[in-house]
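Step one of this worksheet: look at the structure below.
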Amino acid sequence: MDGLPPDDAGTIDQTLSSDDDRVYIVPYRWWTEAQELESEHGTGNAARGIPYIASPSPSTYGGPMRIINNIFNSDLVFSLRRDDCLMTNDAEEGVLERSYALIPSDMWSQALRWHRDANSGNLIFPGDESVDVYPLKLRISVIRETSVMTVRICKRDNAVESYKRACKIFSVESDMVRICDFSGQTNLILMNEWNRLPQDGQRLINHEILLELQLHALSESLTCSTEGKKDDFLVQQSKIYCGSSILSNGSTTRADYDLCFGTSKGSVSFGLIGLENLGNTCFMNSAVQCLAHTQRLVEYFLGDYSREINYQNSLGMGGELALAFGELLRKLWAPNKTPIAPRDFKAKLVRFAPQFSGFNQHDSQELLAFLLDGLHEDLNRVKCKPYVEVKDSDGRPDEEVANEYWQNHLARNDSVIVDVCQGQYRSTLVCPVCNKVSVTFDPFMYLSLPLPSSTTRPMTVMVFSGDGSAQPTLYTVNVPKDGRCKDLIHALSNACSLKNDEVLLVAEVFASRIIRYLEDPSDVLTLIRDEDQLSAYRLPRVKEELPLVVFTHQREQERYIHSVLAPVWKALGVPLVGRLMGPPSGFAIRSLCLKLLIPFLRFSAIACNADEANESISFEEVVEMDADLSDSKGTIDAEEAGQNTEILPDNFQFFLTDEKSQKMISTIEMNELELVAEPHKKLHVLVCWQNKTIEDYDISLLSSLPEIYKCSIFTRRPQEPVSLYACLETFLKEEPLGPEDMWYCPSCKKHQQASKKLDLWRLPDVLVIHLKRFSYNRYTKNKLETLVDFPIKGLDLSNYIVYRTQEPRNQYELYAISNHYGNMGGGHYTAYVYHDAEDKWYDFDDRHVSHVTLDTIKSSAAYVLFYKRIHSTCSVTESTQ
């Protein structure tokens with residue numbers, strides 16, 4: 001039976017099909033308490049159940065009860081045997097801790113109702129009849145002519161959460177588990193199997209009945225609790241998820257629970273429940289935990305928030321997102337400590353934001369932005385948004401204009417999210433042509449601050465001379481990370497001391513071929529990856545259109561093809577680029593190529609050729625000879641050329657080729673007077689090297705083109721911590737708009753590249769700060785590990801507020817952090833949250849919640865910071881821990 005798929009595991013009957021036929025497994029103590037409450041009111045009938053004891057399975061399943069693991073599945077196997085001695089009054093106290101009851105749907109509803117009424121409505125929330133239950137499928141087979149049933153719980157049949165809970169409940173190896181069936185399902189299964197007729201003279205073997213139970217979440221809590229915790233658990237059950245702060249007719253009291261994340265009178269901590277990871281949902285868990293520990297939001301969602309849901313808002317989600325989040329937040333503030341699986345919330349989230357579907361990792365800040373905006377629209381108190389005309393400042397006082405903008409905003413947007421999380425900043429645009437000034441005041445939900453270290457990136461480029469006068473040189477320059485090609489060319493020009501009569505041509509090289517030229521100054525540098533290779537060529541600046549020649553190199557290699565040794569050509573080195581100073585003749589192309597190769601020439605080869613020619617020559621004379629060739633502008637005759645270049649190694653073949661240097665179009669002969677070259681187009685020449693010629697040149701120098709940035713080349717020094725104030729100053733500094741974000745000037749009547757300046761005008765009670773650690777472009781995703789030194793207490797923004805008033809104060813203290821560990825390829829999100837009542841910080845790592853020390857709060861993983869305004873008048877000292 002083990003390892004077989006359901007279709008091959010014998011005959012399977014589905015015993016339950018409708019909601020009314022559901023069977024619930026609940027703690028026996030919880031069930032008996034409901035019966036006692038029912039009896040006290042004289043409305044109950046004493047129900048009798050059939051008692052069973054769970055024991056290790058027969059030897060056919062491998063000895064004692066165990067989880068059978070193999071490559072394909074895991075099965076939890078045990079036996080159920082009827083025992084009428086159980087569940088008596090004399091034995092009850094000793095077995096309650098590991099005892100459960102199977103009850104039908106009507107008894108389940110009745111028990112919930114009795115518990116709710118007895119606890120003044122505090123077991124579940126008013127109007128919410130749902131509690132945590134998990135579907136659990138059991139495969140039951142009956143041992144012939146006995147009342148013993150073998151139960152198998154297969155991992156392949158159940159969700160991971162249900163299977164884990166079943167393993168904790170039915171662990172019969174350590175302690176005996178007792179089950180009392182009030183539903184009659186077990187008796188029905190036994191009777192059906194006993195009366196089953198044989199087929200072909202033999203009874204069916206391996207016959208299983210598939211029984212689906214609804215597992216009450218309290219079952220696991222009672223299983224894991226100890227004897228000394230029984231009374232505490234019952235005390236917790238007598239309160240609402242948040243103590244006695246349950247709302248009565250819309251009002252909230254704090255008799256037994258302090259909503260500043262305190263404890264109940266029984267010293268039971270609330271708000272320390274983790275969230276299960278549903279498959280790469282740590283980003284969601286991190287953001288939710290930060291919001292779920294925002295005091296104003298906790299107070300709101302534990303209240304009667306349903307009356308503020310805006311079901312008519314076309315921009316909202318029909319209240320579904322707010323209801324799902326409110327339900328999840330209430331569960332997080334329940335008295336139990338069982339981690340919560342936020343499946344319902346994730347389902348609602350994916351429904352309205354499909355970008356978060358699947359099991360891929362996402363950005364916690366992006367989720368936070370969507371969630372805050374969605375909650376605002378679902379809870380917007382404005383049912384009919386009026387039309388508001390935006391007016392320019394026109395020289396009016398900023399205070400007047402700001403208040404006008406804010407009132408217009410509140411006329412259309414009024415929710416708890418606006419009350420708590422939204423502020424306002426001033427945006428000033430100045431036209432560079434007419435100096436027209438435009439001032440607007442816009443709301444913000446959070447501040448996205450750039451890290452100062454993220455503004456530049458190092459780029460290494462090999463610069464070649466266009467006349468063969470110098471060897472290639474490596475230059476590393478720093479350019480704006482979001483800069484453009486003109487920024488790179490400008491930095492390289494300064495680094496290599498480019499002359500006024502020279503221009504710089506930058507190209508991207510791949511597989512010894514130029515694949516594109518960086519000629520458009522507006523092209524963004526983010527399209528260039530760190531592992532790419534760039535070469536730059538210093539060329540003479542000319543007024544007339546003179547041909548530009550691109551030399552791509554190949555060398556001859558021998559390779560066996562069909563057992564025959566045949567020559568093949570392989571790409572060699574870095575392409576060289578030069579400009580002809582005259583018509584493109586065969587001799588001019590040969591001379592230009594030899595001239596560009598002089599820096600790579602071995603001096604021994606020059607001396608050897610000079611000896612063969614009975615001449616004595618120095619390297620300086622080679623350079624002078626090259627200068628003579630340059631001055632001749634390619635107009636010298638063949639006899640003079642032979643006299644000047646006969647000492648240079650020359651065993652090349654030249655071919656006209658295409659832009660990709662993949663075809664040999666035609667051979668270039670030295671006596672060709674002029675080749676056909678299209679205007680404004682480059683002449684592509686393929687240079688074929690013979691093996692003998694390669695020995696005369698330093699090929700390693702010609703082939704050493706580094707990557708733009710490589711960690712092994714640049715030693716990574718520990719980055720100095722960056723102050724959060726420095727990040728804020730970078731965000732607020734004046735900067736010009738990009739060409740794609742040009743502003744339409746009403747005075748010039750055209751789009752202008754205006755300068756923009758942001759200023760903080762008013763701040764919210766809860767200030768969310770997003771540190772921009774991630775950068776994305778078409779090819780790359782990068783993360784900055786810069787440590788940001790942020791205040792834990794005493795974040796003072798008074799000096800950054802343009803509109804200064806006495807109240808409210810602009811000092812904040814940190815209460816939550818969304819952390820990201822790892823890189824873009826595989827990272828993990830957690831949350832740090834401050835617990836007011838215990839005066840401690842806690843680490844919420846999915847389902848795990850643990851205490852963390854204050855000195856671990858600041859790290860390079862901090863991604864989103866949550867600050868709350870300090871309303872007290874006492875002085876606050878900044879914590880530097």
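The values are calculated or read from the model by the stated rules, or taken from the named source; none is laboratory data. Remember, it's a predicted structure, so these values are computed and weren't measured experimentally. Counting neighbours? That spans all protein chains shown, and the Cβs are built from the backbone with ideal geometry, glycine included. Calculation scope for accessible area: heavy atoms of the full protein, side chains included, ligands and nucleic acids excluded. Shrake-Rupley method; radii C 1.70, N 1.55, O 1.52, S 1.80 Å.
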If amide H atoms are built 1.01 Å from N in the plane of the peptide, which residues on other chains or at least 5 residues away come under 5 Å of the amide H of Gly578?
Val549, Phe551
Between Ser314 and Gln471, what is the label-point separation in nm under the 7 Å Cα-to-beta-carbon projection?
7.1 nm
How high is the relative contact order of the stretch 417-544, in percent, with contacts defined as C-alpha pairs under 8 Å that are six or more residues apart?
22 percent
For Lys681, list the lysines whose Cα falls under 23 Å from its own Cα; do not include residues on the same chain fewer than 8 positions away.
Lys486, Lys543, Lys595, Lys633, Lys660, Lys663
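Which shape class, rounded, prolate or oblate, goes with the stretch 314-444 when its Cα gyration tensor gives a ≥ b ≥ c as root eigenvalues, a/c under 1.5 marks rounded, and past that a/b bigger than b/c marks prolate? Spell out each step's value before the answer.
Working: a/c = 2.77, a/b = 2.16, b/c = 1.28.
Cα axes put the stretch 314-444 in the prolate bin.
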With θ set to phi - 60° and the Karplus curve 6.51 cos²θ - 1.76 cosθ + 1.60, what are the ³J(HN,Hα) couplings of the stretch 588-601 in order, to the nearest whole Hz, using x for Gly and Pro?
5, 5, 4, 5, 5, 5, 4, 5, 5, 8, 4, x, 9, 6
Along the Cα-to-C-beta direction of Asp532, a point sits 7 Å from the Cα; which residues of the stretch 488-515 have their amide N less than 17 Å from that point?
488-492, 505-515
Using a probe of 1.4 angstrom, how much of the accessible area of the stretch 459-553 is carbon and sulfur, in percent?
46 percent
Using a simple spin-label model with points 7 Å from Cα along the Cα→Cβ vector, what separation in nm is obtained for Glu785 and Thr856?
1.9 nm
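First select every other residue whose beta carbon is under 10 angstrom from the beta carbon of Val23; then total the charges, Lys and Arg +1, Asp and Glu -1. Walk me through the numbers on the way to the answer.
Numbers: positive: Arg22; negative: Asp21, Asp181, Glu212.
Cβ neighbours under 10 Å give a net charge of -2.
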Compute the length gained on full extension between Met670 and Arg48: take 0.36 nm times their separation in residues and subtract their Cα-Cα distance, giving the result in nm to one decimal.
212.9 nm
Which FRET efficiency, nearest 0.05, do Asn494 and Lys750 yield, Cβ-Cβ r, R0 41 Å?
0.80
Can you check what the net charge comes to around Asp530, using other residues whose Cβ is under 11 Å from the Cβ of Asp530 (Lys, Arg +1; Asp, Glu -1)?
0
Inter-site label distance for Asp83 and Asp373 at 7 Å from Cα along Cβ, in nm:
6.1 nm
Please check which bits of the stretch 413-456 a label hung off Val390 would reach, taking the label as a point 7 Å along Cα-to-C-beta and the cut-off as backbone N under 17 Å.
413, 423-431, 437-445
For Val788, which sequence-distant residues (separation of 5 or more, or a different chain) have an amide H within less than 5 Å of its own amide H, given hydrogens modelled in the peptide plane?
Val722
Sorted by chain and number, the residues with a modelled amide H under 5 Å from that of Arg156, at a separation of 5 or more or across chains, are Ser74
Here the relative contact order (percent) of the stretch 270-387, from C-alpha pairs under 8 Å and at least 6 apart, is 44 percent
Determine ³J(HN,Hα), in whole Hz, for all residues of the stretch 354-363 in sequence, where each value follows from phi through the Karplus function 6.51 cos²θ - 1.76 cosθ + 1.60 and θ = phi - 60°; x replaces Gly and Pro.
x, 5, 9, 7, x, 10, 7, 7, 10, 8
On full extension of the chain, what length is gained from Ala411 through Lys486, given 0.36 nm per residue of separation minus the C-alpha to C-alpha distance?
22.4 nm
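Can you compute the FRET efficiency between Lys772 and Leu188 using 1/(1 + (r/R0)^6), with r the Cβ-Cβ distance and R0 = 60 Å? Round to the nearest 0.05. Don't skip to the end; give the middle numbers.
Numbers: r = 63 Å, r/R0 = 1.05.
E between Lys772 and Leu188, to the nearest 0.05, is 0.45.
What does the extension gain come out to for Asn435 and Val802, with contour length at 0.36 nm per residue minus their alpha carbon separation? Don't jump to the answer; show the numbers that get you there.
Details: separation 367, 0.36 × 367 = 132.12 nm, distance 2.19 nm.
Computed gain between Asn435 and Val802 is 129.9 nm.
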